[in-house]
Amino acid sequence: MNVLIMTPVGRTADGAQIDYFPQRWSGRSGAYKVTTFYPFSLGYLSACLKQRTPCAVRLVDANYYGVDVDEYVELVVDLRPEVLVVEIDAIIFERQLEVFRRLRQRLPHLCIIACGPSPSAEPQRTLQHGADFVAIGEFEESITRFIAGGCRTPVPGIYPLPRAELVDIEALPLPEDEDIQRRDYCRLYGSEYREVELWATRGCPVMCNFCVVTNVYYGRANFRTRSVESVIAEIRYLQARIPQLEGIFFNEEAHNFNRRYVHALCRGLIDAGLHRELRFNCMGNYDTLDAETLELMRAAGYYKVRMGLESLEADVMKQISKSGRLKADQRKLVEVLRLCRELGIKVYATLSVGTIGASYQQDLRSLEAVRALHDEGYIQEFSLSINTPLPGTPFHARAEREGWLRAGAGFDGAYGAVLDLPGYPAADIERAFAYGTQLREAINRDNLARGVRYSSYDRDWCAPVYATTGRRPGEGLR
């Protein structure tokens, strides 16, 4: 059986490219890509199918190359797969459904399996517009088992059966590195070294109401870890594959949630000598960080911690998370920021405006607090988005129920509010976002003036990404 795995269409209707990250949120980036994330769920799926089935498998990242609808359809027709698997999120859902409808006419015997957040949230609609099957939630194991059975035997995780058990991430092979290569996903916003992504953990216990990965992919709070030995082995593999490698970005949901695991991983990095060879940064939470953990992380080569703060208004954070205390302990946050400053660990904060329970004044206060923390050396940089209710999340369900969603609005947290909150209309949300964007740009200019070296500006390192900008249809696709 010939299996083609693909990311979705890589351009919006007006031709803008899309920075694709379905587990969080994808955003339009204009004429060229700002950030390139490796499509890790599809990468793991590709590796599983190649190692566990006799299928001929190919993974094509259409998004990476900015493939539009017409080129996408012709590419699939030319490759003539028997099975097509596509992971789709909200920003490109409608255009990908158009692709399915056209493929249904051109390749009537093609079996289309849709997965990812939008098909999981709207399986019936996905089936009505051309897909044959929908994989619900986390899909590496369920799709592998389904294809191994010839796409005939129902398995948990394939609609209408309930979602499968959470994946044992220790049992997964290393993700795909032939059809697509992690080296090419090198433009990582906020990284200061030549880094690629790696996933040592999976899951998050916080369950924020806007979070796609915990609510749609996992369906419940969870946290899973890989063995330290397997992580060290993967880092050594990447070093051998990528001679220019200077660092690793642990781009997970809550890298540091389990203190015991982080301590073991840090000691493993030190024992292997990797603390002298590479630098590390991670996405995590502040609530489990303490002096012992941060000191060990610093010794192991961690130079930056990315923290999902969302808002610095405690009452807002309590409405975002079911376990609001994990992200609403201001005293704990200040203590962690103080420790990071003393140890020389940089802090990258992720913030949003327009959340449930927020007001224009609260969002401005939150942004001003970030400015003050930056001026005092506690936070070095931050990212900002408009908190967007993506389908399948509790935020979206409530927005629909309360009638907050604006007709015709898209799902791009970087280009406009999609709802009017009580007392906080879309126009004011966009004003707060514009103010925060100006503040963020000023901070970034200040960082560059101080000599901060962002690898996203390294033209040699990012050459694979820059090469996609002027690509003509048909060129460069692996």
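FYI, it's all coordinate maths here, none of it is from the lab. Because the structure is predicted, anything quoted here is derived from the model rather than measured. Heads up, the Cβs are rebuilt from the backbone with ideal geometry, glycines too, and the neighbour counts pull from every protein chain shown.
Overview of values
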{"quantity": "Cβ-derived FRET efficiency at R0 45 Å, Ala56 paired with Ala449, nearest 0.05", "calculated": "0.30"}
{"quantity": "Relative contact order [Cα under 8 Å, 6+ residues apart], the stretch 2-170, whole percent", "calculated": "22 percent"}
{"quantity": "Label-point separation, Arg431 to Glu342 (7 Å along Cα→Cβ), nm", "calculated": "4.2 nm"}
{"quantity": "Relative packing of peptides 182-188, 249-255 - highest average C-beta neighbours within 10 Å first", "calculated": "249-255, 182-188"}
{"quantity": "Relative contact order for the chain, counting Cα pairs under 8 Å that sit 6 or more residues apart, in percent", "calculated": "15 percent"}
{"quantity": "Within the stretch 1-46, chymotrypsin sites (Phe, Trp or Tyr not before Pro) in DSSP loop having at most 14 other beta-carbon neighbours inside 10 Å", "calculated": "Tyr32"}
{"quantity": "Full-extension gain in nm, Ala372 to Val334, via 0.36 nm per residue minus C-alpha separation", "calculated": "12.4 nm"}
{"quantity": "Histogram of C-alpha separations across the stretch 181-464, 5 Å bin width, %", "calculated": "1, 6, 12, 16, 17, 17, 14, 10, 5, 2, 0, 0"}
{"quantity": "Ordering of 84-96, 296-308 by packing [mean C-beta count within 10 Å, highest first]", "calculated": "84-96, 296-308"}
{"quantity": "Proximal lysines to Lys332, defined as alpha-carbon separation beneath 27 angstrom and excluding residues fewer than eight positions away on the same chain", "calculated": "Lys304, Lys318, Lys322, Lys346"}
{"quantity": "From the coordinates shown, volume of the Cα convex hull per residue in Å³ corresponds to which of (1) 172; (2) 157; (3) 134", "calculated": "(3)"}
{"quantity": "Extension reserve of the Ala409-Ser230 stretch, reckoned as 0.36 nm per residue once the Cα distance is removed", "calculated": "60.1 nm"}
{"quantity": "Residues Leu269, Leu278, Leu107, sorted so that the one with the fewest Cβ neighbours within 10 Å comes first", "calculated": "Leu107, Leu278, Leu269"}
{"quantity": "Pairwise label distance in nanometres, Glu441 with Glu246, each label 7 Å out on the Cα-Cβ vector", "calculated": "2.7 nm"}
{"quantity": "Neighbour cut-off at most 11 other Cβ (10 Å), DSSP loop, GluC sites (Glu not before Pro), the stretch 422-478", "calculated": "Glu475"}
{"quantity": "For the stretch 403-478 and the stretch 285-315, distance of Cα centres in Å", "calculated": "24 Å"}
{"quantity": "Footprinting exposure proxy for Asp363, Asp168, Asp132 (fewest neighbouring C-beta atoms within 10 Å first)", "calculated": "Asp168, Asp132, Asp363"}
{"quantity": "Relative packing of 66-72, 49-55, which averages over residues the other C-beta atoms within 10 Å, highest first", "calculated": "66-72, 49-55"}
{"quantity": "Percentage relative contact order, the stretch 193-289, counting C-alpha pairs under 8 Å, at least six apart", "calculated": "35 percent"}
